[in-house]
1. Quick one: Karplus J couplings for the stretch 35-41, per residue in order, coefficients 6.51, -1.76, 1.60, θ = phi - 60°, nearest Hz, x for Gly and Pro?
2. Order Ser35, Ser92, most accessible first, counting only protein heavy atoms with a 1.4 angstrom probe.
3. With a 1.4 Å probe and all protein chains kept in place, how do Phe133, Phe40 rank by accessible area, largest first?
4. Between Glu95 and Val128, what length in nm is gained on full extension when 0.36 nm per residue of separation is reduced by their alpha carbon distance?
5. If you wrap the chain's Cα atoms in a convex hull and average its projection over all directions, what's the area in nm²?
6. Below 8 Å, C-alpha to C-alpha, sequence gap of six or more: please give me the relative contact order for the chain in percent.
7. How much length would be gained if the chain were fully extended between Asp32 and Leu52, taking 0.36 nm per residue of separation minus their Cα-Cα distance, in nm to one decimal?
8. So what's the net charge close to Tyr60: Lys and Arg +1, Asp and Glu -1, counting the other residues with Cβ under 15 Å from its Cβ?
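The values are calculated or read from the model by the stated rules, or taken from the named source; none is laboratory data. Just so you know, these numbers come straight off a predicted model, no measurement behind them. Positions of Cβ are backbone-derived with ideal geometry, glycine not excepted, and every protein chain shown enters the neighbour counts. Surface areas here come from the heavy atoms of the whole protein model, side chains and all, with no ligands, DNA or RNA. Shrake-Rupley method; radii C 1.70, N 1.55, O 1.52, S 1.80 Å.
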Amino acid sequence: MLLRRAAAPSITPLEELRELLHDAEEGLLGFDAISVIKPFLGDAFRALTKRLEHMVFLRYGLPAWDTRGHAAHKRADRLAAASEAVHVAGWSREEVRRTLKIRAEVLAEDPLAAHYDCRPWEPWPPAVACERFLAELERLKASAHG
C-alpha cells in the first residue's frame, strides 16, 4: 500500500483498502502460492481464489479491479516481491528474474522502516504484524466508508 501511495499520491482510501486486502484470500486459504506455482494449481484454484477475492471485496465494499488500478497494483506487488526476495530471503537479483520471473527493480530502502520506525527488511513477529495490519484496516475502513 505504501508503494502504491508513493507511486500515486492521489490514491483514495477505498483504493488503499483494496490494496491492503489484495491478498486476503491467501489468509482464508492458509497459504500464499508464489506466482510461478499458480499455473500448476490449475483453473479450479484460480476460480476459488477469484471467488474468495470477490467475497472479501463484497464484505468491505470494495470495487472490482479496473484495468488501470490492477496494473498499478501489480507493479507495486512485483516491486515488493522482488525487494523482499533479495533483502529478506537472500535471493540474488538474477534468481528473482530467472526463478520468480519478476523483472521489477529491487528497492534499496525499505519503505516500512521509515513508516514504522523499525529495522529495514526485518520480518515482524506475527503479533506485531497482526497489530499493524488491524490498525491500518480500521483506519482505512473509517476513511473509506466513514
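1. With coefficients 6.51, -1.76 and 1.60, one gets 3, 5, 8, 3, x, 6, 7 Hz.
2. Descending order: Ser35, Ser92.
3. The ranking, largest first, comes out as Phe40, Phe133.
4. So the extension gain works out to 8.9 nm.
5. 9.3
6. Rounded, it is 30 percent for the chain.
7. Gain in length upon complete extension: 5.9 nm.
8. -4
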